[in-house]
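Report on one structure; see the data block that follows.
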There are 2 protein chains.
Amino acid sequence: MSDEPDLHLSRPEAHAPGMPLVTVIGDGQLARMMQQSGIGLGLTVRLLAGSGGSSAAQATGDVWLGDYTDENVVRAVSDGADAVTFDHEHVPNRFLEDLIAAGVNVQPRPSALINAQDKLVMRRRLRELGAPVPPFAEILSVADGEGFWDATDGAVCLKTRRGGYDGKGVWFPATRRETASLVAELLDRGVPLMAEKKVRLVRELSAMVARTPSGQTESWPVVESVQRDGVCSLAVAPAPVATDGQARVVAQAHTLARDIAAELGVTGVLAVELFETLDEAGEPEIIVNELAMRPHNTGHWTQDGCVTSQFEQHLRAVLDRPLGSTAMTSTTTVMANILGDPDGDPEMPTARRMDEVWRRYPTAKIHLYGKQWRPGRKIGHVNISLPTGTAATPVNVENLRRDAELAAGFLVTATWKDRGE
Amino acid sequence: MSDEPDLHLSRPEAHAPGMPLVTVIGDGQLARMMQQSGIGLGLTVRLLAGSGGSSAAQATGDVWLGDYTDENVVRAVSDGADAVTFDHEHVPNRFLEDLIAAGVNVQPRPSALINAQDKLVMRRRLRELGAPVPPFAEILSVADGEGFWDATDGAVCLKTRRGGYDGKGVWFPATRRETASLVAELLDRGVPLMAEKKVRLVRELSAMVARTPSGQTESWPVVESVQRDGVCSLAVAPAPVATDGQARVVAQAHTLARDIAAELGVTGVLAVELFETLDEAGEPEIIVNELAMRPHNTGHWTQDGCVTSQFEQHLRAVLDRPLGSTAMTSTTTVMANILGDPDGDPEMPTARRMDEVWRRYPTAKIHLYGKQWRPGRKIGHVNISLPTGTAATPVNVENLRRDAELAAGFLVTATWKDRGE
């Protein structure tokens with residue numbers, strides 16, 4: 001550990017005296033959008049960033065440069081903060097325990113955060129609480145892997161307990177033999193493993209809430225999230241409901257997220273990612289997939305579709321301040337991710353692509369993260385809402401969804417998919 | 001002039017390569033809110049600020065410290081910018097002419113800006129265009145002042161040609177003798193003067209548009225603005241209309257703002273402040289009061305009541321990019337200014353006052369500027385909208401207006417005016 005953290009960008013004067021100071025560990029787009037909301041609230045977001053050119057650091061006055069795996073750095077940047085929070089789950093929990101012991105207000109608490117860090121811990125805890133989880137097991141040996149294959153009749157999803165996201169750290173072995181060799185290889189590399197039963201997916205849902213240390217909880221409408229290659233591609237808010245069964249599971253998801261937030265003592269924003277599947281009788285049911293304890297990709301639509309965005313709400317929640325209304329300002333909002341094109345970045349500059357999208361869709365709200373192109377990288381998103389007074393009929397929602405996809409597609413490829421341009 | 005501007009906070013790495021760079025001259029709340037919008041657009045706002053703790057500098061990564069009356073500084077901070085724009089009208093026009101001659105994209109142009117800087121130039125130009133203006137005259141002597149008194153039968157409003165705002169630089173002399181002595185005193189101090197005929201005010205309106213150098217123009221709905229002691233206190237969007245005559249003048253105001261923007265070659269946001277008065281026949285008519293060529297206090301409601309806020313639109317306009325939809329997301333939004341209490345700042349910290357307002361009004365959107373209390377100083381505003389699907393009936397609008405005033409009142413005084421608390 002260094003004794004003198006390199007914090008040369010720090011700007012204490014970038015702070016209105018008497019107003020709250022929130023230290024955010026992390027410099028990605030979630031921190032960037034927290035900063036954007038913090039500006040309105042008159043508070044200071046102090047950033048612990050890896051570089052001055054990172055997504056959040058570009059947009060922030062009070063940037064500290066340093067490494068979040070260095071406890072001295074984390075301690076220094078937390079000093080004097082009214083709350084310390086995160087845009088990722090990778091800060092070692094023992095640093096956080098030490099901060100709390102020293103009187104620092106860390107939100108969420110490591111005792112809650114562990115459920116967003118370790119999938120096996122999360123699965124066990126949710127099962128205790130009676131939340132719907134798939135059959136699962138810890139995998140400590142090849143025999144465990146083979147046993148799980150046999151028990152699920154080959155419906156095996158193998159996962160790293162920690163650090164997987166956006167489809168990384170998840171495998172679907174096709175045979176018993178592949179299961180065995182995969183488990184052997186991963187355990188050999190020291191990767192802690194678990195397995196769970198693969199579900200027959202109808203669609204994915206996401207239920208998001210914010211909760212304060214005092215226990216105030218506010219939920220956003222449950223959304224449908226569409227994944228491509230394990231990465232969120234679209235979110236449709238609210239989740240369309242075609243049958244009574246779907247209405248029932250959406251309501252269940254809504255309640256479940258509130259219950260999980262309360263039972264786990266989550267503070268700040270919680271995203272409960274869910275699978276909608278079919279039970280033995282062919283009726284919809286839901287199963288918890290993952291938990292995230294921070295603003296989440298499936299909540300980006302709230303920036304333009306809700307009275308209170310997830311970024312503002314997260315800041316209010318970690319400071320234990322009253323939460324805002326989560327009422328929608330449109331009958332439907334669709335968010336589409338802008339993901340770096342695997343085939344390469346088009347020649348047309350990004351700003352010109354935005355202009356083309358704005359010309360076609362004057363209501364499109366484009367959010368960029370200040371990130372350079374890489375294949376599949378999240379570089380922004382676009383939100384688009386039905387005009388005031390327009391009903392969320394299936395046709396209107398379908399058209400909106402198509403518009404969001406076309407807009408995001410143009411931002412990625414500089415072509416309109418529907419025009420062959 | 002200094003040869004080496006003191007720009008020690010400048011951070012060139014706070015810029016996503018390939019994305020636009022907008023230099024904003026000024027460090028107040030308008031620049032702060034441009035920065036907030038710029039974050040979403042993925043562009044860089046580079047600030048020329050007077051201090052690192054100023055409203056906008058607190059919230060910005062790329063802050064240059066320097067004096068906008070130093071041409072070297074203005075030139076340096078403009079270097080490499082895709083557009084140069086302003087949060088005030090005080091940069092000497094000859095600097096801007098020099099920048100333009102050197103190929104810098106300054107928006108708005110000094111030829112338009114002069115109409116927001118010099119009220120006599122503006123009055124003459126608007127009269128030429130056939131826009132509704134009151135009788136006015138340049139005042140170069142005491143005799144001019146006395147003559148204007150006689151001509152208007154004592155309905156004299158005396159104004160400095162330059163630099164007045166928020167009720168400053170405006171006088172209403174009560175007698176011919178007071179007119180004479182006031183004119184003598186002001187001319188003696190070298191203040192350039194004009195006079196115009198005082199109007200019998202029914203209410204004030206504000207018509208706002210954005211216009212690009214290419215000529216695309218988008219208008220927001222005309223709002224009613226309520227002034228207290230010469231300072232904007234409330235804006236109600238859209239302006240309530242009680243009679244056919246009011247509907248006619250509101251529509252006229254809407255068209256007028258577009259025409260003025262086009263005729264004067266305004267780029268970026270234009271606010272046309274208007275008096276609604278009564279003609280000889282007792283019918284509503286409008287008269288232009290002032291022009292502002294930048295985001296304006298009467299447009300702050302657009303942050304929470306429109307698809308595209310005035311801050312985003314200004315950035316898009318000065319970069320000559322396609323403008324966004326100005327459709328409202330609610331049937332009515334009211335903005336109330338938070339003005340430092342002349343009787344002193346209450347003991348309750350500002351953050352606690354916000355909490356009380358949020359408890360009572362979960363839909364209230366509070367925007368603070370990072371400014372310390374001073375009597376009458378604009379330190380923030382609150383926007384509050386009718387919930388989705390709620391009609392803008394007179395009762396609903398009146399209640400919303402009362403709520404906005406109560407919320408702003410609490411933020412200023414830490415008391416609820418309706419509860420005697």
Within the stretch A:244-254, identify whether any single residue is in contact with a helix residue (DSSP H, G or I) (Cβ under 7 Å, 6 or more places away or on another chain) and either part of a strand (DSSP E or B) or closer than 17 Å to residue A:199 by Cβ (or both), and answer yes or no.
no
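Yes/no matrix, rows are residues, columns are (1) open to solvent by 30 Å² or more (accessible area, probe 1.4 Å); (2) within 24 Å of the chain's Cα centre (by Cα); (3) within 13 Å of another protein chain (Cβ to nearest Cβ):
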site: A:365; (1), (2), (3): no, yes, yes
site: A:369; (1), (2), (3): no, yes, yes
site: A:372; (1), (2), (3): yes, yes, yes
site: A:375; (1), (2), (3): yes, yes, no
site: A:381; (1), (2), (3): no, yes, yes
site: A:390; (1), (2), (3): yes, no, yes
site: A:396; (1), (2), (3): yes, no, no
site: A:405; (1), (2), (3): yes, yes, no
site: A:408; (1), (2), (3): no, yes, no
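I want to confirm something. Restricting to the stretch A:244-253 and keeping residues that are buried (at least 21 other Cβ atoms within 10 Å of the Cβ) and in contact with a strand residue (DSSP E or B) (Cβ under 6 Å, 6 or more places away or on another chain), which single residue is nearest to residue A:112 (Cα to Cα)? Spell out how you get there, then give the answer.
In the first step, residues of the stretch A:244-253 are kept if they are buried (at least 21 other Cβ atoms within 10 Å of the Cβ); the result is A:249-250, A:253.
After this cut, where a residue has to be in contact with a strand residue (DSSP E or B) (Cβ under 6 Å, 6 or more places away or on another chain) as well, the list is A:249, A:253.
Values: A:249: 25, A:253: 19 Å.
Within the stretch A:244-253, the match that is nearest to residue A:112 (Cα to Cα) is A:253.
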Is one or more of the residues making up the stretch A:184-194 open to solvent by 40 Å² or more (accessible area, probe 1.4 Å) and in contact (Cβ under 8 Å) with a residue 60 or more places away in the chain?
yes
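Does any residue of the stretch B:171-188 turn out to be touching a Lys or Arg at 6+ places or on another chain (Cβ under 9 Å) and at positive phi?
First pass over the stretch B:171-188, keeping only residues touching a Lys or Arg at 6+ places or on another chain (Cβ under 9 Å): B:171-172.
Remaining after also requiring at positive phi: none.
Taking every residue of the stretch B:171-188 in turn, none turns out to be touching a Lys or Arg at 6+ places or on another chain (Cβ under 9 Å) and at positive phi.
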Unmet requirement for residue B:220, which otherwise passes all of (1) under 30 Å from residue B:150 (Cα atoms); (2) among the aromatic types (Phe, Trp, Tyr); (3) open to solvent by less than 50 Å² (accessible area, probe 1.4 Å)
(1)
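The values are calculated or read from the model by the stated rules, or taken from the named source; none is laboratory data. Fair warning: this is a prediction, and the values are worked out from it, not measured in the lab. When we count neighbours, we look across all protein chains shown, and the Cβ atoms used for this are built from the backbone with ideal geometry, even at glycine. Accessible surface areas use protein heavy atoms only, side chains included; no ligands, DNA or RNA. Shrake-Rupley method; radii C 1.70, N 1.55, O 1.52, S 1.80 Å.
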